[in-house]
Amino acid sequence: MNEVPNSAATPAAAPPDPLECPVLTDNTVPAAPLLPPQSAADTFETAAARAAMVARLEESGELGRGPVREALLALPREILLPHAYVRVSGPGADPIDWRLLDGSHPDDRQEWLELIHSDESILLQRDGEPLGALPRGPVTGGHMTSMSTYTPATVEALQAMELGSGQRYLELGPGPGVSLALAAAITGPGLATGVERDGPMAAFAQRNLDHLGVGAVVIEGDALEGHEARAPYDRIHSGIGVPCVPAPWVEQLAPGGRLLTTLATRTPSWPGQLLVTRTAAGTVEAVLKGRPRGYRPLLGYRWLNALDHRARIKDNPGTARSTRLTPPPDDAYGFWLAAAYLAPGLVRDFQTETMTIVAPEDDSWAVAGPGDSTVRVHGPRDVWAELEDLYARWEQAGRPERYRVDLRDSTGAQHVTSGAGPKALAWTLPPLAAVPRQTP
């Protein structure tokens, strides 16, 4: 929980952060995941690729000892990711040129194997296409409608949920089923369920999961509704970003359970990660943190984009003026999360040399520099002035990194606050009703 320091008294030791990944530091050997005997297809080559992937994640500090590590080592992900699209076109191209790698083709195999064991998101499906027999090689047009989550994000989520053997697990929007399969390897067969809206992807994932033999089930349906038939769940993980928490997800969470999701706003720049817990007594608590990464929002949700303004900003960065705000660091996640809600309509262009924040719908932008005391601004909306004011409020609130979310309002509104008192930052999450829904 986020505590705003407002007392001279020595504070009590802070409780463990429930969103931090647990890492085993003793010599206890974690229980091996439940997986069937590995098939002949699980060659030395693929096992070595998994070992290298795990070593890389351990070296970066993203993966600790425990069941997630053991599942990553044991699970032959090539069964779940038999092909992958590679983008050939540069940013802004339309139509986009792609190249499909077929993992079974000798000319593609090495590149494909390295890709599916990398930290990249694996692109799998264009425009909802059937996935039975895709032709390898170049293809033009279309946009990606399904992909696997990149591995560090999957690791972070599974560790944060403290997934264990015998727990009932629900995955919302599992895509090809990589995180679902890892979860099933940890919980044991028959306990992991996925709800996937895309029919061809649901069938593709189920077919590959059956081949893998981990005992996971993928249901074709609306992930926003959860899956009541197998509820309650000890762990719920959403692989899609949502503007607020759908009520069925909370209702289907068992006492002692954990629910983890990305909260999406109209900006892709500053995602939030929400952890909802239900105590043994049934009380629901929720903590929101800013994160460097998050899941893509559900289909139909439109993100703001700074790309169309990039050339104009380069030609005319704006009028220079002095500023009292040094560009906040990228890892000031609590501030940037608040900016996503309290300075809405902004998006950052991370490809520029200096910090560039754009308000696309207001044809306005701010470019930091030159130096820490100067900023260049353009357009009817003074983007940087809003950030200056918000940063001062964030500091007055105690520079919060975590926010409480109240899910108990009988009207369905979900209220966020950094703490108590008049200086606390507060906002209300946008409702699901504001999100365009995909037609079945």
Step through the residues of the stretch 61-69 one at a time and calculate ³J(HN,Hα) from phi using the Karplus curve (6.51 cos²θ - 1.76 cosθ + 1.60, θ = phi - 60°), rounding each to whole Hz and writing x for Gly and Pro.
-> x, 7, 10, x, 5, x, x, 5, 4
Using θ = phi - 60° and the Karplus form 6.51 cos²θ - 1.76 cosθ + 1.60, what ³J(HN,Hα) does each residue of the stretch 77-82 get, whole Hz, x for Gly and Pro?
-> 5, 4, 5, 7, 10, x
So how strong a dipole does the chain carry about its Cα centre when Lys and Arg Cβ are +1 and Asp and Glu Cβ are -1, to the nearest 20 debye?
-> 620 debye
Which is farthest toward the positive dipole end of the chain among Thr279, Pro297, Gly128, measuring Cα position about the Cα centre, with Cβ charges +1 (Lys, Arg) and -1 (Asp, Glu)?
-> Thr279
Which of the following values of Kirkwood radius over Cα pairs in Å was calculated from the structure shown: (i) 24.9; (ii) 22.3; (iii) 23.3?
-> (iii)
Highest to lowest packing among 378-384, 258-264, scored as the average C-beta count within 10 Å | 258-264, 378-384
Built amide H within the under 5 Å cut-off of Gly241, gap 5+ | Arg296, Leu298
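Assigning unit charges at the beta carbon (Lys, Arg +1; Asp, Glu -1) and nothing else, what dipole magnitude in debye, to the nearest 20, does the stretch 307-396 show about its Cα centre? Walk me through the numbers before you get to the answer.
Working: 9 positive and 15 negative charges, 37 e Å.
Once rounded to the nearest 20, the dipole reads 180 debye.
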Can you work out ³J(HN,Hα) from phi for every residue in the stretch 325-341, in order, using Karplus 6.51 cos²θ - 1.76 cosθ + 1.60 and θ = phi - 60°, giving whole Hz and x for Gly and Pro?
-> 10, 5, x, x, x, 4, 8, 7, 4, x, 5, 5, 4, 4, 4, 4, 9
Pick from Thr267, Thr279, Thr187: which is most flexible by mean-square fluctuation in a GNM of the chain where alpha carbon atoms under 10 Å apart are linked?
-> Thr279
Ranking Glu45, Glu225 by Cβ neighbours within 10 Å, fewest first, what do you get?
-> Glu45, Glu225
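Where a number appears in this text, it was derived from the coordinates with a stated rule and is not lab data. These numbers come from a predicted model, not from an experiment. All Cβ positions, glycine included, derive from the backbone under ideal geometry; neighbour counts span all protein chains shown.
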